[in-house]
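Engineer: Let me give you the structure first, and then I'll get to my questions.
The values are calculated or read from the model by the stated rules, or taken from the named source; none is laboratory data. Note that the structure is predicted; figures quoted are calculated from it, not measured. Cβ sites come from the backbone with ideal geometry, for glycine too, and all protein chains shown count toward neighbours. Remember, those area values only see protein heavy atoms, side chains included, never the ligands or the DNA or RNA. Shrake-Rupley method; radii C 1.70, N 1.55, O 1.52, S 1.80 Å.
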Amino acid sequence: MNNCIFCKIANKEVPSEIVYEDDKVLAFKDLDPHAPVHVLIIPKEHIDSIMDINEDNINILGHITTVVKKIAEEYNIDKEGFRLVNNCGKDGGQTVFHLHFHLLGGRAMTWPPG
Ligand code: AMP
Ligand code: ZN
């Protein structure tokens, strides 16, 4: 999609610190980390938000879950735990409208979120 920063990252037009890649998914470090581990996991295909998941693309969510597990193990946060966040829409705090999941770990998280 034109002018989507995460599409540009997926296409390597914009550099990022990639931590995992396969044909469907890219994971890279967040530019503005809020935890010792703060990785964004995106489908390479442009999907605006979780509201655009449908029966044709739902398999990507299962695949992203397996990628989250791999990254959590690689960064040794699988045992202590982590937080997986999806901000959806304006009130959800979404600022980049290309579906992404934040994987945050390496410190104890607080609850509730703001
Ligand atoms: P959200 O507010 O859930 O839409 O999250 C968007 C996230 O993308 C924020 O945490 C930003 O710090 C991050 N971000 C924006 N641009 C980049 C970039 N070029 N490389 C890495 N992370 C980015
Ligand atoms: Zn995009």
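Engineer: Suppose a student asked you for the relative contact order of the chain, using Cα pairs under 8 Å spaced at least 6 residues apart; what percent would you report?
Structural biologist: With pairs under 8 Å counted, the relative contact order is 30 percent.
Engineer: Going by a 4.7 Å Cβ-Cβ cut-off, which cysteines of the chain have no partner at all?
Structural biologist: Within the chain, the cysteines lacking a partner Cβ under 4.7 Å are Cys88.
Engineer: Measure out, as a whole number of angstrom, how far apart the alpha-carbon centroids of the range 23-54 and the range 64-112 sit.
Structural biologist: Going from one Cα centre to the other spans 9 Å.
Engineer: Then there's this: On C-alpha positions alone, give me the angle between the axis of helix 59-74 and the longest principal axis of the chain, in degrees, nearest 10.
Structural biologist: 40
Engineer: For Val19, enumerate residues with amide H under 5 Å from its amide H, sequence gap 5+ or separate chain, H modeled in the peptide plane.
Structural biologist: Under 5 Å from the amide H of Val19 lie the amide H atoms of Ala27, Phe28, Lys29, each far enough along the sequence or on another chain.
Engineer: With θ set to phi - 60° and the Karplus curve 6.51 cos²θ - 1.76 cosθ + 1.60, what are the ³J(HN,Hα) couplings of the range 31-47 in order, to the nearest whole Hz, using x for Gly and Pro?
Structural biologist: 4, 10, x, 10, 6, x, 10, 9, 10, 9, 10, 10, x, 5, 6, 6, 10
Engineer: If you plug each phi of the range 104-114 into the Karplus form 6.51 cos²θ - 1.76 cosθ + 1.60 with θ = phi - 60°, what whole-Hz ³J(HN,Hα) values come out, in order, with x for Gly and Pro?
Structural biologist: Once θ is set to phi - 60°, the couplings for the range 104-114 become 10, x, x, 7, 6, 8, 9, 9, x, x, x Hz.
Engineer: Counting helices only, and only those DSSP H runs with n ≥ 4, report the 222 nm mean residue ellipticity of the chain as the sum of -39,500 (n - 2.57) divided by its residues, in deg cm²/dmol to the nearest 500.
Structural biologist: -6500 deg cm²/dmol
Engineer: Here's a follow-up. Kindly flag which residue pairs out of Lys29/Lys69; Lys8/Lys79; Lys29/Lys70; Lys24/Lys70; Lys8/Lys29 have an alpha-carbon separation exceeding 22 Å in this structure.
Structural biologist: Pairs exceeding 22 Å: Lys8/Lys79.
Engineer: Under a point spin-label approximation (7 Å from Cα along Cα-to-Cβ), what is the Ala108-Lys24 distance to one decimal in nm?
Structural biologist: Taking the two extended label points, one gets 3.7 nm.
Engineer: Per residue, what accessible area does the range 9-94 have, given a 1.4 Å probe and all protein chains present, in Å²?
Structural biologist: 62
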